[in-house]
Amino acid sequence: QVQLVESGGGLVQPGGSLRLSCAASGIIFSIYTMGWYRQSPGKQRELVARITNGGTTNYADSTKGRFTISRDNAKNTVYLQMNSLKPEDTAVYYCNAAQAWVNYWGKGTLVTVSS
């Protein structure tokens, strides 16, 4: 059974930082492209950042320079370091594992950026 379990969300003030983690099980983690997506009320789910099995990364324009995605294949975990957070970063953040036509999703973790 495939599980992606996100953690690390919470309430943070503007300008603050958070680190999200996603622990995967039930998949051969090292061959998957891992991604973070987010969805805020009334909006579509959007890509935040993605890292391939080879370590290539790409980011949404809105997060470049502020967010960093990384992975630890030994721990089957992908991370999202979020710095200089803004109120518009408020959303539920979802972990994604993709390989060919297969996609798995976590249940999400809420990030709220507010003073």
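Looking only at strands (runs of 3 or more DSSP E) that lie completely in the stretch 1-44, which have at least 3 residues being among the aliphatic types (A, V, I, L, M) and touching a Ser or Thr at 6+ places or on another chain (Cβ under 6 Å)?
none
Looking for something under 13 Å from the mean Cα position of the chain (by Cα), part of a strand (DSSP E or B), more than 12 Å from GLU6 (Cβ to Cβ) and polar (S, T, N, Q) - is there at least one such residue anywhere in the stretch 45-65?
yes
Considering only the stretch 86-107, state which residues are part of a loop (DSSP other than H, G, I, E, B), at pLDDT 95 or above and more than 13 Å from VAL48 (Cα to Cα).
LYS86, GLY106, LYS107
May I ask you to say which residue of ALA74, ALA100, ALA91 is open to solvent by less than 10 Å² (accessible area, probe 1.4 Å) and either more than 13 Å from the chain's Cα centre (by Cα) or not β-branched (Val, Ile, Thr) (or both)?
One residue alone meets the criteria, ALA91.
Within the stretch 1-26, how many residues turn out to be touching a Phe, Trp or Tyr at 6+ places or on another chain (Cβ under 9 Å) and surrounded by fewer than 16 Cβ atoms within 10 Å (Cβ to Cβ)?
Number satisfying all stated conditions: 4.
Mind listing just one residue for me: the one in the stretch 32-63 that is in contact with a strand residue (DSSP E or B) (Cβ under 9 Å, 6 or more places away or on another chain), among the charged types (D, E, K, R) and closer than 23 Å to THR112 by Cβ and, of those, most open to solvent (accessible area, probe 1.4 Å)?
LYS43
Out of PHE29, PHE67, report the one residue that is over 30 Å from SER115 (Cα atoms) and open to solvent by less than 50 Å² (accessible area, probe 1.4 Å).
PHE29
List pairs: first in the stretch 51-75 and of a type in the set (Gly, Ala, Ser), second at pLDDT below 95 and not in a strand (DSSP E or B), Cβ under 6 Å, 6+ apart or cross-chain?
none
The values are calculated or read from the model by the stated rules, or taken from the named source; none is laboratory data. Everything numeric here is computed off the predicted structure, so don't read it as measured data. Glycine gets a Cβ as well: all are built from the backbone with ideal geometry, and neighbour counts include every protein chain shown. Surface accessibility is based on the protein's heavy atoms, side chains included, excluding ligands, DNA and RNA. Shrake-Rupley method; radii C 1.70, N 1.55, O 1.52, S 1.80 Å.
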